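Reviewing the structure listed below.
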Amino acid sequence: MYPFTYHRPETVRKAVSLAGSAPDAKILAGGMTLLPTMKQRLASPAALIDLNGLSDLAGIEVTSRTVTIGAMTRHADVAASAELREAIPALSDLAGWIGDPAVRHRGTIGGSVANNDPAADYPAACLALGATIVTNLRKIAADDFFLGMFETALGEGEIITKIVFPVPQKSGYQKFRNPASRYAIVGVFVAKKGSEVRVAVTGAGENGVFRVGNHETALTEKFAVKSIEGLAVPAEGLNSDIHADAVYRAHLIGVMARRAVAAAK
Ligand SMILES: Cc1cc2nc3c(=O)[nH]c(=O)nc-3n(C[C@H](O)[C@H](O)[C@H](O)COP(=O)(O)OP(=O)(O)OC[C@H]3O[C@@H](n4cnc5c(N)ncnc54)[C@H](O)[C@@H]3O)c2cc1C
């Protein structure tokens, strides 16, 4: 690692001012992505602003209409919350399938969403559920937040404080995971709310998480596995790598979407 100054603020306001004053500063949450990249010397922030001292940024609040998750909430706590499982079972499943126990007990929802890895799970949930990402400055709809691989609408020094998920009638998530890292080779999240159905895919897009229009239209007409049987997803714009090529990923999107609808609760 290259040398850096370390700060552990006790308030969000202090964290924001530190992030704004220290040139080339980076927010540190669970460190599950940032620290490995620093160790590999792929990232060399001049300053680290550690949010682990901000206990009010962690926690889950469930009402009949929304689930609000603090940015510093660990994946394991999202997976373990009985209230959350009652409200959005697919989000609970998703958190429990992230990485391994060590990653789940350190990694946070805020870090995952801010990082926007093209194979991360939470971006698919945010997009399918129509979540709102709340920062120290503003509220950003998920549709406007994820701009591309590792790219988001966040400005320099802007900090995610919480994420608000509307509670759907039904939600399902299925993931075809990389056997080593457990990241999604293809993950599909479906959510039905009122007359609207949203289908979001992670792990497959060359440009990160995206929605699948033809599946949404078919499921909005009738929310049933039969509605999307035989519906093709173009391989164009999908990733090809050592794990799977674009044609296979296009096939997997169909399979995972049907399984997610079948599993939806
Ligand atoms: C072995 C392994 C397996 C994994 N498997 C999966 C998997 O299956 N699925 C999956 O989705 N992820 C997986 N991950 C990634 C994991 O979920 C990380 O926790 C997540 O990517 C980053 O969260 P973090 O809290 O650790 O953030 P950090 O590593 O601390 O930060 C990540 C980035 O986000 C920024 N940041 C952090 N918090 C905020 C905030 N509140 N506001 C603004 N910016 C912020 C940081 O500055 C940094 O750029 C895996 C990681 C490892 C090491």
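The values are calculated or read from the model by the stated rules, or taken from the named source; none is laboratory data. For clarity, every value in this text was computed on a predicted model and none was experimentally measured. With ideal geometry, Cβ positions are generated from the backbone for all residues, glycine too; neighbour counts draw on all protein chains shown. Remember, those area values only see protein heavy atoms, side chains included, never the ligands or the DNA or RNA. Shrake-Rupley method; radii C 1.70, N 1.55, O 1.52, S 1.80 Å.
Annotations
- Once C-alpha pairs closer than 8 Å and six or more residues apart are averaged by separation and normalised to the residue number of the stretch 136-245, the relative contact order reads 18 percent.
- Carbon and sulfur %, accessible surface of the chain computed with the full protein complex present, 1.4 Å: 53
- Packing-based ranking, highest mean first, of 88-99, 117-128 given that Cβ atoms within 10 Å are counted: 117-128, 88-99
- In summary, the aspartates and glutamates within cross-link reach of residue 175, defined as a Cα separation below 16 angstrom excluding same-chain residues under 8 places away, comprise 93, 100, 117, 121.
- Ranked by how many other beta carbons lie within 10 Å on average, peptides 222-231, 65-74 from highest: 65-74, 222-231
- Angle between the chain longest axis and helix 12-21 axis [Cα atoms, degrees, rounded to 10]: 70
- Distance-filtered residues of the stretch 85-123 - backbone nitrogen under 16 Å, label point 7 angstrom along residue 265 Cα→Cβ: 85-97
- Among the listed pairs 26/139; 14/265; 39/170, those beyond 32 Å (Cα-Cα): 14/265; 39/170
- Helix 246-263 vs. the chain, principal-axis angle (Cα, 0 to 90°, nearest 10): 80
- Counting 0.36 nm for each residue step from residue 221 to residue 52 and taking away their Cα separation leaves a gain of 56.3 nm.
- In a reduced charge model with +1 at each Lys and Arg Cβ and -1 at each Asp and Glu Cβ, the stretch 58-263 shows a dipole moment near 620 debye about its Cα centre.
- The relative contact order of the chain comes to 16 percent, based on Cα pairs under 8 Å that sit 6 or more residues apart.
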